[in-house]
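**Student:** Next up is a structure, given as structure tokens.
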Amino acid sequence: MNGALKTWIPKLAGQRILVVGDVILDEYVLGRATRLSREAPVPILEYESRQMIPGGATNPAVNIARLGSTAVQAGVIGSDTAATQLRQLLQAKGIETNALVVDPTRPTTVKLRLMAQMGLRFPQQVARLDTLSREPINGSIEAQLGTLIEKAATAVNAILVSDYHGGLLTESLIAEIRRLGGIQGALLAADAQGELDKYQHFALVKCNADDARAYLRRHIEGDDEFAEAARELCQRLQLTGAMVITRGPEGATIAMCAGGMAHCPSPAVSDVYDVVGAGDTAIAVLTLAVAAGAPFAEAVTLANYASGLVVRRVGNYAPSADELAWALDTWSNRA
């Protein structure tokens with residue numbers, strides 16, 4: 001199995017993927033905890049460093065580029081410093097940004113995390129401050145974005161939708177993406193994060209266990225119940241490929257809409273520090289692998305191993321092809 005999975009790694013490269021979704025700039029401010037404040041029961045941090053990282057829907061694009069494929073980013077940014085910083089970060093990683101629309105009426109979404117360095121291997125998050133608008137994009141901005149998406153969708157292997165509930169992915173925009181996918185013959189994939197109804201007739205949809213429970217309004221535990229949930233979601237959404245429910249350390253359950261299901265275990269990763277970004281890596285690898293022709297179960301297993309590399313670090317991280325091969329060799333042998 002390990003050898004079969006490794007044959008797909010080179011095929012993750014050389015593709016062209018359009019990523020549409022709520023783009024975010026992740027900002028990390030790191031300080032060393034020195035003492036408790038006399039003003040409130042909180043630590044006082046002495047500033048050490050600041051780091052900016054592409055987040056939200058840009059993180060799948062970063063993963064795609066890291067694995068050797070071309071990512072085209074579509075989304076909405078503000079007319080502010082954060083927009084300039086985010087665009088520059090994406091371009092530095094080789095991501096095409098011509099499909100980003102500037103909306104001066106809303107801010108670029110920024111998630112600022114205040115991190116305390118306390119002598120541990122990784123700093124700990126003290127607080128998070130988000131700058132954002134959750135209002136749906138207006139008709140003019142949607143029309144501009146739709147035109148750019150139509151242009152960018154030419155000759156792509158897949159259109160990947162990353163939904164962070166930031167007001168970008170309206171029903172009408174999703175309908176346009178669905179139409180374009182049909183015209184271009186591109187794989188349509190979505191990381192729904194609970195917004196499942198919007199992604200009817202897509203080929204591949206992913207959500208996590210809690211989102212599946214909330215949508216189906218019932219408690220779901222164990223392989224059999226998750227298999228039934230994935231099959232039900234496949235039918236309700238009328239998907240053309242597969243429904244994937246990620247289950248953290250228990251792996252993922254996948255139901256193929258043509259029939260059949262599989263439980264794909266997660267690797268035995270003991271040093272887990274942060275789950276941020278693991279889902280973005282999973283949908284990026286899933287999309288690349290399925291677009292390359294991998295069977296769904298092998299694509300999901302590859303995605304599980306890639307996500308295992310991410311949770312060993314703090315914040316978003318995009319693993320390389322060599323790291324993915326290392327994970328397959330190391331964790332498969334450990335299992």
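Let's see how each residue does on (1) buried (at least 22 other Cβ atoms within 10 Å of the Cβ); (2) part of a loop (DSSP other than H, G, I, E, B):
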{"residue": "258", "(1), (2)": "no, yes"}
{"residue": "287", "(1), (2)": "yes, no"}
{"residue": "294", "(1), (2)": "yes, yes"}
{"residue": "309", "(1), (2)": "no, no"}
{"residue": "325", "(1), (2)": "no, no"}
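**Student:** Got a number for residues in the range 112-137 being touching an Asp or Glu at 6+ places or on another chain (Cβ under 8 Å) and surrounded by fewer than 19 Cβ atoms within 10 Å (Cβ to Cβ)?
**Tutor:** Total satisfying the criteria: 3.
**Student:** Search the range 24-72 for residues being in a strand (DSSP E or B), of a type in the set (Val, Ile, Thr) and surrounded by fewer than 16 Cβ atoms within 10 Å (Cβ to Cβ), and hand back the single one that is farthest from the chain's Cα centre (by Cα).
**Tutor:** Here the residue is 34.
**Student:** Quick test for you: out of 210, 197, 280, 224, pick the one residue that is crowded, with 18+ Cβ neighbours inside 10 Å and not aliphatic (A, V, I, L, M).
**Tutor:** Numbers: 210 fails: crowded, with 18+ Cβ neighbours inside 10 Å; 197 fails: crowded, with 18+ Cβ neighbours inside 10 Å; 224 fails: crowded, with 18+ Cβ neighbours inside 10 Å.
Going through 210, 197, 280, 224 in turn, the sole match is 280.
**Student:** I'm told residue 170 meets every condition in (1) surrounded by fewer than 20 Cβ atoms within 10 Å (Cβ to Cβ); (2) in contact with a strand residue (DSSP E or B) (Cβ under 9 Å, 6 or more places away or on another chain); (3) not small (Gly, Ala, Ser) except one. Can you identify the failing condition by its number?
**Tutor:** (2)
**Student:** Restricting the search to the range 169-185, which residues are within 27 Å of residue 300 (Cβ to Cβ) and modelled with pLDDT under 95?
**Tutor:** Matches in the range 169-185: 180, 181, 182, 184, 185.
**Student:** State all residues of the range 77-94 that are among the aliphatic types (A, V, I, L, M), touching a strand residue (DSSP E or B) at 6+ places or on another chain (Cβ under 6 Å) and surrounded by fewer than 21 Cβ atoms within 10 Å (Cβ to Cβ); if no residue qualifies, say none.
**Tutor:** 82, 89
**Student:** Still on this structure, please answer the following. From the list 83, 61, 13, 74, which residue is at pLDDT 95 or above and under 17 Å from residue 277 (Cα atoms)?
**Tutor:** None of the others qualify; the one that does is 61.
The values are calculated or read from the model by the stated rules, or taken from the named source; none is laboratory data. Predicted model, so just to flag it, every value in this text is computed and none were measured. Note: ideal-geometry Cβ built from the backbone for every residue, glycine included; neighbour counts use all protein chains shown.
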